[in-house]
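Taking it in order: structure first as structure tokens, then the write-up.
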Amino acid sequence: MNKRKLKSTVIPSSIMIGPVVLWLAFFIVIPLLYVFIMSFCSIDEYYNVVFKFTFTNYKGLLNSNYLYVYAQSLVIAFITTAACILLAYPFSFLIARTKSKKKTLLYMLVIIPFWTNSLIRIYGWRTFLGTNGWLNNLLQATHITNHAIEFLYNKGTTIFGMVYCLFPFMVLPLYTAIEKLDGSLLEASSDLGGRKAQTFIHVVLPLTASGIFSGSIMVFIPTLGYFFVSNILGGGNSDVIGNLIQRQFQSGNNWPLGAALSIVLIIITLLLVKLYQKCGGDIENLGV
Amino acid sequence: MKQKMKKNSYGVVGKIYCSLIYAFLFLPIVVIVVNSFNATTSKPYLSWKGFTFDWYLKLFENEELLQSFQNTMIIAVCTTIMATIVGTLAAVGMYKYKFRGKSTIDALLYIPVVIPEIVLGISLLTLFAKISIPRGMFSLILAHTTFSIPYVIFNIRARLSRYDNSIEEASMDLGANRLKTFFNITLPVLAPGIAGGALLAFTLSIDDVIVSYFTNGQTMTLPLKVMESIKSGVSPDVNALSVLILIGTALLVVLTQSGILKGKKNM
């Protein structure tokens with residue numbers, strides 16, 4: 001290599017790229033590899049990780065309680081995603097295509113709640129929905145019911161909390177996709193005699209599908225891991241995979257088993273991302 | 001006429017629908033604000049005992065709470081600085097230079113974005129435990145920087161896609177060296193993207209629950225303090241602090257956004 005190239009390209013590019021490469025290697029690649037290795041490790045009687053190769057952790061994953069939680073977790077994620085699409089699509093359509101001057105404000109209003117910590121907002125829902133909560137007080141004060149109704153601590157409230165936490169992640173890609181829609185295409189379709197429903201199915205939906213796909217990925221995957229939502233609203237019978245992992249990594253528990261559970265979660269994630277790419281989704285649309 | 005009426009009723013239904021969605025999004029915030037004025041002093045702080053401003057003063061006597069808030073801020077500021085430096089260098093470097101392994105770096109950047117946070121949390125926990133990095137402020141800053149870097153890079157990249165390379169060449173032709181060009185031309189032009197990325201890193205850091213939960217050791221951040229107090233009931237002073245943070249963030253965003261808009265006009 002000549003000296004000039006060294007000075008003009010190699011040195012500046014290593015200064016710029018070097019830090020991120022080291023950072024990713026050290027804090028992403030190595031930890032994930034270590035989790036993979038740990039998933040084949042054993043524990044001694046004090047729950048210390050010992051490097052003795054075993055398949056026990058993976059066999060442990062087939063425990064029927066765990067299988068139930070995987071299935072439940074996928075069902076919760078699926079319903080959450082479907083609910084987010086159904087709720088967010090018309091909403092995003094209305095705010096993305098409004099001619100009002102307040103459009104930017106309407107968009108910002110979706111993000112503003114997220115400047116308050118998500119835990120305390122979920123707790124806010126618990127305050128609202130609890131047996132002593134605002135909703136029950138209102139229902140009793142208006143004599144709609146005469147006893148407190150338990151809204152909390154079931155799969156429904158866990159899904160409700162998930163939808164609440166992840167709703168903006170569905171709105172943002174949908175908003176972007178719908179905003180890009182060319183209004184003249186819609187006019188052309190209706191000029192050519194297409195009814196509203198036909199225009200929607202044959203023109204609007206295919207053109208905004210990319211937003212639905214990236215939104216779905218950004219909602220579905222986190223739902224599998226959001227253990228705190230089911231902890232706060234679900235009351236123990238609506239665990240997701242994240243809850244299983246969380247328990248194993250509390251001090252003095254079986255880390256290798258937790259590592260194996262994490263590997264399962266990683267595999268599900270990779271499969272979903274592959275499916276997303278098969279549907280024509282671009283991984284670049286998954287950021288923010 | 002008939003059609004117009006039909007259109008109007010569509011508009012009304014739409015408005016009602018959107019209002020309901022906003023109500024859904026903001027209702028917990030209303031609960032937080034109202035509870036920050038609740039005069040109750042008994043756990044779990046749920047029943048309404050009258051209006052008071054006391055909690056906004058009392059929170060300054062709650063040392064544990066203030067300490068966790070201070071930790072959160074220190075971590076967020078350090079994270080923002082580190083993620084912004086590493087991310088800006090990487091975004092510009094990856095834009096300017098071709099090199100082997102670029103697509104690998106790209107793929108790795110998407111890992112923290114796509115993967116469930118809990119996996120990132122436990123993988124950093126196992127690493128820190130293995131190489132005996134003490135868990136506390138330092139490990140939290142490392143962890144937060146890790147998930148923030150990709151967002152900073154993506155934000156700047158969006159700006160770079162509209163970047164005109166020729167102004168750098170012009171600067172070099174006029175005799176400025178690389179370093180001078182980087183600081184006087186590249187950085188100012190990219191400033192809005194960098195500011196946007198930094199703001200995102202900051203907000204991600206102050207709000208993080210899951211990764212912090214696994215990497216904090218004994219150090220408390222505000223979200224972890226909230227998590228800890230949920231069992232016995234979140235006290236109104238925590239609500240009061242949350243309200244103050246919301247107002248603070250809003251001001252910060254308004255200030256940077258107006259800065260970003262100005263930058264866009266200049267470009």
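The values are calculated or read from the model by the stated rules, or taken from the named source; none is laboratory data. As the structure is a prediction and not an experimental result, all values here were calculated from the model. Ideal geometry is used to build each Cβ from the backbone, glycine not excepted, and the neighbour counts take in all protein chains shown. These area figures cover heavy atoms from the full protein model, side chains too; ligands, DNA and RNA do not enter into them. Shrake-Rupley method; radii C 1.70, N 1.55, O 1.52, S 1.80 Å.
Condition test on residue B:155, is it among the polar types (S, T, N, Q), closer than 30 Å to residue B:40 by Cα and either touching a residue at least 40 places away in the same chain (Cβ under 8 Å) or part of a loop (DSSP other than H, G, I, E, B) (or both)?
Values: among the polar types (S, T, N, Q): yes; closer than 30 Å to residue B:40 by Cα: no; either touching a residue at least 40 places away in the same chain (Cβ under 8 Å) or part of a loop (DSSP other than H, G, I, E, B) (or both): yes.
The answer is no for residue B:155.
Mind listing whichever residues of the stretch A:84-107 are touching a residue at least 24 places away in the same chain (Cβ under 8 Å) and open to solvent by 30 Å² or more (accessible area, probe 1.4 Å)?
A:85, A:87, A:93, A:97, A:107
Do we have residue B:163 as at the interface with chain A (Cβ under 9 Å from one of its Cβ atoms) and either open to solvent by 10 Å² or more (accessible area, probe 1.4 Å) or touching an Asp or Glu at 6+ places or on another chain (Cβ under 8 Å) (or both) here? Give the steps one after another, and end with the answer.
Values: at the interface with chain A (Cβ under 9 Å from one of its Cβ atoms): no; either open to solvent by 10 Å² or more (accessible area, probe 1.4 Å) or touching an Asp or Glu at 6+ places or on another chain (Cβ under 8 Å) (or both): yes.
The answer is no for residue B:163.
Can you give me the ranges of the helices (runs of 4 or more DSSP H) entirely in the stretch A:102-182 with at least 2 residues that are of a type in the set (Gly, Ala, Ser) and closer than 24 Å to residue A:88 by Cα? Give the derivation first.
Values: elements: A:103-111, A:118-129, A:134-141, A:155-180.
The helices (runs of 4 or more DSSP H) meeting that bar are A:118-129, A:155-180.
Of the residues that sit in the stretch A:27-52 and are open to solvent by 40 Å² or more (accessible area, probe 1.4 Å) and facing chain B (nearest Cβ under 8 Å), which one is nearest to the chain's Cα centre (by Cα)?
In this case the residue turns out to be A:29.
Just need a number here: residues in the stretch B:106-130 that are surrounded by fewer than 20 Cβ atoms within 10 Å (Cβ to Cβ) and more than 7 Å from chain A (Cβ to nearest Cβ).
Adding up the residues that qualify gives 3.
Scan the stretch A:147-167 and tell me whether some residue there is under 30 Å from residue B:249 (Cβ atoms), out of contact with any Cys (no Cβ under 6 Å at 6 or more places or on another chain), within 8 Å of chain B (Cβ to nearest Cβ) and without any contact (Cβ under 8 Å) to a residue 60 or more places away in the chain.
Within the stretch A:147-167, one or more residues are under 30 Å from residue B:249 (Cβ atoms), out of contact with any Cys (no Cβ under 6 Å at 6 or more places or on another chain), within 8 Å of chain B (Cβ to nearest Cβ) and without any contact (Cβ under 8 Å) to a residue 60 or more places away in the chain.
Can you tell me which of B:102, B:58, B:96, B:15 is open to solvent by 50 Å² or more (accessible area, probe 1.4 Å), among the basic types (Lys, Arg), under 26 Å from residue A:125 (Cα atoms) and within 13 Å of another protein chain (Cβ to nearest Cβ)?
Criteria check complete, one pass: B:15.
For residue B:38, all conditions in the list (1) at the interface with chain A (Cβ under 9 Å from one of its Cβ atoms); (2) buried (at least 16 other Cβ atoms within 10 Å of the Cβ) hold save one; what is the number of the exception?
(1)
Could you figure out which of (1) within 23 Å of residue A:21 (Cβ to Cβ); (2) assigned to a helix (DSSP H, G or I) isn't true of residue B:172?
Just one mismatch for residue B:172, condition (1).
Considering each of B:85, B:81, B:133 in turn, give the residue that is at negative phi and either among the polar types (S, T, N, Q) or open to solvent by less than 60 Å² (accessible area, probe 1.4 Å) (or both). Break it down into steps so the answer makes sense when it comes.
Numbers: B:85 fails: either among the polar types (S, T, N, Q) or open to solvent by less than 60 Å² (accessible area, probe 1.4 Å) (or both); B:81 fails: either among the polar types (S, T, N, Q) or open to solvent by less than 60 Å² (accessible area, probe 1.4 Å) (or both).
Answer to the selection: B:133.
Give the residue, chosen from A:78, A:91, A:55, that is touching a Phe, Trp or Tyr at 6+ places or on another chain (Cβ under 8 Å), under 22 Å from residue A:170 (Cβ atoms) and more than 10 Å from chain B (Cβ to nearest Cβ).
Details: A:91 fails: more than 10 Å from chain B (Cβ to nearest Cβ); A:55 fails: under 22 Å from residue A:170 (Cβ atoms).
None of the other options fit; the residue is A:78.
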